[in-house]
Each structure stands twice: as structure tokens, then as C-alpha cells.
Amino acid sequence: MRKFRPGDLAEVVNMEPADLADLIDSRGRFDPPKPPAAVSQTGFNLLYRNDLKGLDPSFLSLSVRAGQYGPGRVENRVGLRPDTKHELWKDLDRGIEVLEALVETWDPDWASAYALIDTDDDEIGSRPWLAWTPKPLEPRPNPPYARPYPAPFPLDHAGPPAEVRAWRGGELQIWP
């Protein structure tokens, strides 16, 4: 990691889609040959974040995993991770607004906001806040998927949500 220098690429949020695609092809691929060849079976994993993880409560990272479908791999996934002290976590309406932006941008099969927490048996579990599915999730074949449901689903361990509302043609579940 290093600080940005003159000549480095601009903020991702301000990039045109074609420029972002070029960035992914030129710097986010693990597979030769160089672009414009298609992404191989190993796909790509791209991460954008600032250098202030743990130091800046406005810290945010965005990761994109694409083309990594297969045994032992996770599904295509986009992850937006704010710092645990980020103001976003204190405002339900703002959280739903961010979820809306992600759903609008990526057109996913499902979306959720959750925290990873330590459990009593020294494992890491998930604690949901928001979860949206346009239709009920069905189990999927294992393999080729690493698990029958995408993480963090199913959310049975969290107990029933405090609120369920119709949202974007599906169901939004909310835990306090």
C-alpha cells in the first residue's frame, strides 16, 4: 500500500464504465493473456479502499469477485464494507439507501447488510441488519457451489426479523 501519487487513477466512483472495465482488465486479472482475452476460470478479485482501515471511521472498502464460480469458490459477489464506527450503521434509512444504490447498480439475486462477530464457541458468525431477496432463496447444488446458500444466508440463527416490508419486488427483512 502507498499513498496516491500524480498520475494514479482517479476515484473509482467518478470513472466512466469503460474506464473502470479497462482498469479491471489491466490491473485486476490473475490470468494471462493480457486483455482483451476473456477472463479465465479463476476470474478476478478487485479491491478498492483507502489506507486508513481502523484509523478513519469513514473508512470504506469495495471488493468485486467475478467469474470465481466453481468447487470451493464463492459465487460472484460485490462487498461494500464500511468501518464498524461508520455513521452508516447508526441510521436505518441511510442503510436502506445504500442497499438501494447497490441493488440498482449491480442487479443482484439478493443483498444483505451484516456484521461478522465472534461467537461463544470461538467461531465467527454473522449478525444481520438488512436482508433482501426478490424471491425466496432455493438450495443450490453443492458442488459446484461451496455452500447450498450464499453467505450469510440462511439467517435462521438470528431469530425472526423485527420488521418485514415489501421492497423492490421482494422482501426486506430488518433486525434492530
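Readers should treat all values here as calculations from the given coordinates under stated rules, not as data from a laboratory. Worth saying up front: this structure is predicted, and the values here are computed from it rather than measured. Don't worry about glycine lacking a Cβ; one is built from the backbone with ideal geometry, like all the others, and counts go over all protein chains shown.
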| field | Extension gain, L80 back to E16 (0.36 nm per residue minus Cα-Cα distance, nm) | value | 21.1 nm
| Binned at 5 Å from 0, what are the whole-percent values of the Cα-Cα distance distribution for region 72-156, short to long? | 3, 12, 21, 24, 22, 13, 5, 1
| query | Are there GluC sites (Glu not before Pro) in region 77-132 that DSSP marks as loop and that have at most 12 other Cβ atoms within 10 Å, and which are they? | reply | E123
| query | Tell me, what are the semi-axes, in whole angstrom and largest first, of the equivalent ellipsoid of region 110-155 as set by the roots of 5 times the Cα gyration tensor eigenvalues? | reply | 21, 16, 7
| request: Once you have the Cα-Cα distance between D121 and E171, take 0.36 nm times their residue separation minus that, and quote the gain in nm to one decimal. | output: 14.8 nm
| query | Given a Förster radius of 35 Å and the C-beta distance between D156 and A66 as r, what FRET efficiency does 1/(1 + (r/R0)^6) yield to the nearest 0.05? | reply | 0.75
